[in-house]
């Protein structure tokens, strides 16, 4: 925006730092949220993240120096990363529902009935992309407002959703799953009864509530036992909280889980280096590099990227289970690599003569949209689904957390280096993305297992371990100890008699 660029004439390095500050803060926020979420209630954790986000937003829209703006983005990033953690962290659901499991909002997954969880997950993904589209077009329509209001208004608007979510947190019920993990069973039953619209008297006699509560207790016991392992390990864990937590994280890099951990980390690596966030962050810059002239045309074409991604989410919801993860990843990689390669060739050929080759410029725009559509149906949604499916129940939350950290780290690198890379060589920038997508094709073809509608035994066979089956056997043992099987049988018999 004109007032912004005149006030602070920044180069590619400064632009990268300002952009990447939010991603770096988000990485720190996501890691901090993992600790906060296990020791505080979900609503308090979300409320704290909202307050931090609003403080960062205030720094940004009220900034009088470039340092204040950058600091505001870093502080706001802490809140964004923490909230994104709660949105992205997969909460384990019974393995019977595994074929339809997807990433869900942490809090939403913990309080929602299983029969509507899938719809809520799809709605969450839909809302994220919609928010990105609205954010871009808000800036587009305020770009010609006089003075600093042109850029302060869209930055100030961030406070609205942040404050609204913070106020809403005051009315959120506690998470029964977290209460169970903390050993507060009676409070968990009361919270569960409230969420399922049962009276305190009904909660005692309702078999469905009792079964759901026992399922939560089973999951909590499974994670605890799998994390401690032998009696010797248990004594070592009792030696200190920090040591115990470090041992749990190190399990991900043991021989049993290393291949699965690599899948989660590399999935996020290829998702980010496909180039999607480079287009979202630096769309106008990249549009200039492929020959589009005029701010209005450049901005409108850049805004179209978000709209295409928004529309691409819809078929992904339909075909992601029918076609399978591996097929979509391979197909998406081919189309994305082809699109980037075509753009790189066109820029290399016509970067000095775009004015006389407008058709080549618009072909490049078409390739950008083709890439975005391919990403929206493949790497976009699968990037958040695949990590939750390859990890067994006992390490799933930490595995997904590590994958999320990989996402933010690579996101930070993209935001930092792309402006300088584009200035050095625009065609080379797209060639880097094309190479990453091609490597993603090889990776998805020879390394990634198919996880759609696949049994635990089949996934274990792919990774050469029995971790998933061991979890299943331990889970069955815990269910028998807690009396879950007997309760289900009794409820089934009483239902048949009625």
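The values are calculated or read from the model by the stated rules, or taken from the named source; none is laboratory data. What you see is a predicted model; the values in this text were computed from it and never measured. Cβ placement follows ideal geometry from the backbone for every residue including glycine, while neighbour counts extend to all protein chains displayed.
Among the residues of region 434-451, is there at least one that is in the same structural domain as residue 320 (by TED's automatic domain parsing), part of a loop (DSSP other than H, G, I, E, B), under 26 Å from the mean Cα position of the chain (by Cα) and at pLDDT below 75? Don't jump to the end; show me each part of the working.
Pass one, region 434-451, residues in the same structural domain as residue 320 (by TED's automatic domain parsing): 434-451.
Next cut, part of a loop (DSSP other than H, G, I, E, B) only: 447-451.
Within this subset, residues satisfying the condition of being under 26 Å from the mean Cα position of the chain (by Cα) are 447-451.
Within this subset, residues satisfying the condition of being at pLDDT below 75 are none.
The answer is no, given that none of the residues of region 434-451 is in the same structural domain as residue 320 (by TED's automatic domain parsing), part of a loop (DSSP other than H, G, I, E, B), under 26 Å from the mean Cα position of the chain (by Cα) and at pLDDT below 75.
Residue under question is residue 379, and the condition is that it be surrounded by fewer than 22 Cβ atoms within 10 Å (Cβ to Cβ) and modelled with pLDDT of 85 or more; does it hold? Can you show your working first?
Values: surrounded by fewer than 22 Cβ atoms within 10 Å (Cβ to Cβ): no; modelled with pLDDT of 85 or more: yes.
No.
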Kindly list the number of the only condition in (1) over 30 Å from residue 475 (Cα atoms); (2) modelled with pLDDT under 90; (3) surrounded by fewer than 24 Cβ atoms within 10 Å (Cβ to Cβ) that fails for residue 330.
(2)
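If a residue must be under 24 Å from residue 397 (Cα atoms) and either surrounded by 12 or more Cβ atoms within 10 Å (Cβ to Cβ) or in contact (Cβ under 8 Å) with a residue 12 or more places away in the chain (or both), how many such residues does region 166-216 contain? Show your work before the answer.
So in region 166-216, the residues under 24 Å from residue 397 (Cα atoms) come out as 169, 172-185, 187-189, 191-192, 195, 211-216.
From what's left, either surrounded by 12 or more Cβ atoms within 10 Å (Cβ to Cβ) or in contact (Cβ under 8 Å) with a residue 12 or more places away in the chain (or both): 169, 172-182, 184-185, 187-189, 191-192, 195, 211-216.
Residues in region 166-216 being under 24 Å from residue 397 (Cα atoms) and either surrounded by 12 or more Cβ atoms within 10 Å (Cβ to Cβ) or in contact (Cβ under 8 Å) with a residue 12 or more places away in the chain (or both): 26 in total.
A quick yes/no check of all residues on (1) in a loop (DSSP other than H, G, I, E, B); (2) modelled with pLDDT of 75 or more; (3) under 17 Å from the mean Cα position of the chain (by Cα); (4) more than 18 Å from residue 220 (Cα to Cα):
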| site | (1), (2), (3), (4) |
| --- | --- |
| 87 | no, no, yes, yes |
| 107 | no, no, yes, no |
| 115 | no, no, no, yes |
| 123 | no, no, yes, yes |
| 145 | yes, yes, no, yes |
| 173 | yes, no, no, yes |
| 183 | yes, yes, no, no |
| 188 | no, yes, no, no |
| 194 | no, yes, no, yes |
